[in-house]
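Chemist: Dropping the structure in here first, questions after.
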Amino acid sequence: MAILDQHRADLAALARRGRRRSLIPRAGADFASNDYLGLAGSGRLAESVAAALARGVPVGAGGSRLLRGNHPEHEALEAEAAVFFGCESALFFSSGFAANATAFATLPRRGDLILYDELIHASAHEGMRAGKADRASAAHNDADAFADAIGSWRAGGGKGRVWIAVESLYSMDGDRAPLDALAALADETDAFLLIDEAHATGVFGPDGRGLAAPWQGRDNVITLSTCGKALGCEGALLCGPAAITDYLVNRGRGFIFSTAPSPLMAAAVRAAIGIVRHEPERRAALAALIDHAAAAGLPATGSQIIPVIIGDDKRTMEIAGAVQAAGFDVRGIRPPTVPIGTSRLRISLTLNAGADAVTGLSALLRDLL
Ligand SMILES: Cc1ncc(COP(=O)(O)O)c(C=O)c1O
């Protein structure tokens, strides 16, 4: 058998099932990025990088944080992020995927239970698979299901700590976790609450601090703010008690055995946090666009993420293709990214595409669906 046959056969099987993916160039009005505040291409972030270069900040960190890679830019970002988010300590990772994979693999210990929302991101699954804790899913956004699962686990002899894991704003559905009820449950059951703020950071909460802001600073709350979405950069800030970030510095393999993120990126993220904090008009403009989309007839989720569920994989990709051909960059999302039978268009509202484009997209979808 030729050395590549199995991989080719697997790709062909994906194609037969309508699930083969490929990279396509970006084109058309932006309804596909997570650059919600339009910061990624902004002159402001470019200037922050140019200024950092001019003061001698290196492009590469040159090593892992525990060796030569630790740079004052990383530490300045972490100190500022802790103040901004209102947590005791923040730790900068090179991506949200790396941060989640590391945190889920490292923090819950053997004998603990990770109880996660059934729609939680792939990066959390990656960490859980590598870790030693037990794991179970709970029905999406159903706080009672979380409570019942903790009760059953305890009744079955579970003795360790429970880790409740959710996204504050779901990446493919645009709906919000019942954080009030889950935080109360975590307190009642002496559990940790891990909140992935990837899609809420910069967009929601006081000063754009995210939907978890009211619970920041508690001993049992850990949040993840990715920097590659509304902040327009790259990387992620894991926020929580100093004992947690210190534990990850000492035990988190994805942190220890990896070259530190570019110090230039740390400088850019600091600038992005400053923009989010001091320019509420960007959040207001996005909120207005969200209202406009609902008024124009797109499904209302109350957030910038709007799923149009089609169901069938092939039809989803055909409609996505037609929408793209008309000049709107909307992507079809299929399993395994979303559950089987829920293939969808994921419309992402950003300040890169204005109200007229939203109106046009809505009218086109009315014709196509
Ligand atoms: C909910 C959620 N968590 C984590 C990540 C991973 O973050 P990053 O893109 O920075 O690796 C994503 C990215 O899609 C996400 O949607």
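The values are calculated or read from the model by the stated rules, or taken from the named source; none is laboratory data. Only a predicted model underlies this, so the values are computations on that prediction, with no experimental measurement involved. All Cβ positions, even for glycine, are placed from backbone atoms using ideal geometry, and neighbour counts span all protein chains on display. Only protein heavy atoms, including side chains, enter the accessible area calculation; ligands, DNA and RNA are left aside. Shrake-Rupley method; radii C 1.70, N 1.55, O 1.52, S 1.80 Å.
Chemist: Search the stretch 226-282 for residues being hydroxyl-bearing (Ser, Thr, Tyr) and not in a helix (DSSP H, G or I), and hand back the single one that is farthest from the ligand (Cβ to nearest atom). If you could, list the steps in order and put the result at the bottom.
Modeler: Going residue by residue through the stretch 226-282, those that are hydroxyl-bearing (Ser, Thr, Tyr) are 226, 245, 247, 258-259, 262.
Of the ones still in play, those that are also not in a helix (DSSP H, G or I) are 226, 258-259, 262.
Values: Thr226: 4, Ser258: 13, Thr259: 16, Ser262: 14 Å.
Residue satisfying both the conditions and the ranking: Thr259.
Chemist: Condition first: part of a helix (DSSP H, G or I), crowded, with 19+ Cβ neighbours inside 10 Å and more than 16 Å from the ligand (Cβ to nearest atom). Can you find one or more residues in the stretch 162-170 that meet it? Even if it seems obvious, please write down each step before you answer.
Modeler: Let us first name the residues in the stretch 162-170 that are part of a helix (DSSP H, G or I), namely none.
Checked against the condition, which is being part of a helix (DSSP H, G or I), crowded, with 19+ Cβ neighbours inside 10 Å and more than 16 Å from the ligand (Cβ to nearest atom), the stretch 162-170 yields no hits at all.
Chemist: Still on this structure, I have one more. So is Ala32 outside the structural domain of Ser171 (by the TED database), open to solvent by less than 50 Å² (accessible area, probe 1.4 Å) and away from the ligand (no atom under 16 Å from the Cβ) or not? Quick ask: steps written out before the conclusion?
Modeler: Values: outside the structural domain of Ser171 (by the TED database): yes; open to solvent by less than 50 Å² (accessible area, probe 1.4 Å): yes; away from the ligand (no atom under 16 Å from the Cβ): no.
Here the answer is no, as Ala32 does not meet what is asked.
Chemist: To continue, here is another question. List the number of the failed condition for Ala149; all other conditions in (1) in contact (Cβ under 8 Å) with a residue 24 or more places away in the chain; (2) more than 19 Å from Leu182 (Cα to Cα); (3) away from the ligand (no atom under 15 Å from the Cβ) hold.
Modeler: The number of the failed condition is (2).
Chemist: Suppose we filter the stretch 347-369 for residues that are touching a helix residue (DSSP H, G or I) at 6+ places or on another chain (Cβ under 6 Å), within 11 Å of Leu298 (Cβ to Cβ) and assigned to a helix (DSSP H, G or I); how many remain?
Modeler: Of the residues in that region, 1 qualify.
Chemist: Mind telling me which of the residues Gly302, Gly332 ends up being part of a loop (DSSP other than H, G, I, E, B) and within 30 Å of Gly210 (Cβ to Cβ)?
Modeler: Values: Gly332 fails: part of a loop (DSSP other than H, G, I, E, B).
None of the other options fit; the residue is Gly302.
Chemist: Still on this structure, please answer the following. Restricting attention to the stretch 314-328, does a residue exist that is under 26 Å from Cys233 (Cβ atoms), free of Cβ contacts under 8 Å to residues at least 40 places away in the same chain and of a type outside the set (Gly, Ala, Ser)?
Modeler: Checked against the condition, which is being under 26 Å from Cys233 (Cβ atoms), free of Cβ contacts under 8 Å to residues at least 40 places away in the same chain and of a type outside the set (Gly, Ala, Ser), the stretch 314-328 yields no hits at all.
Chemist: Further question: In the stretch 45-132, which helices (runs of 4 or more DSSP H) lie fully inside it and hold 3 or more residues that are within 14 Å of the ligand (Cβ to nearest atom) and within 30 Å of Gly156 (Cβ to Cβ)? Please lay out each step first, then the result.
Modeler: Details: elements: 72-85, 96-106, 122-130.
Result: 96-106, 122-130.
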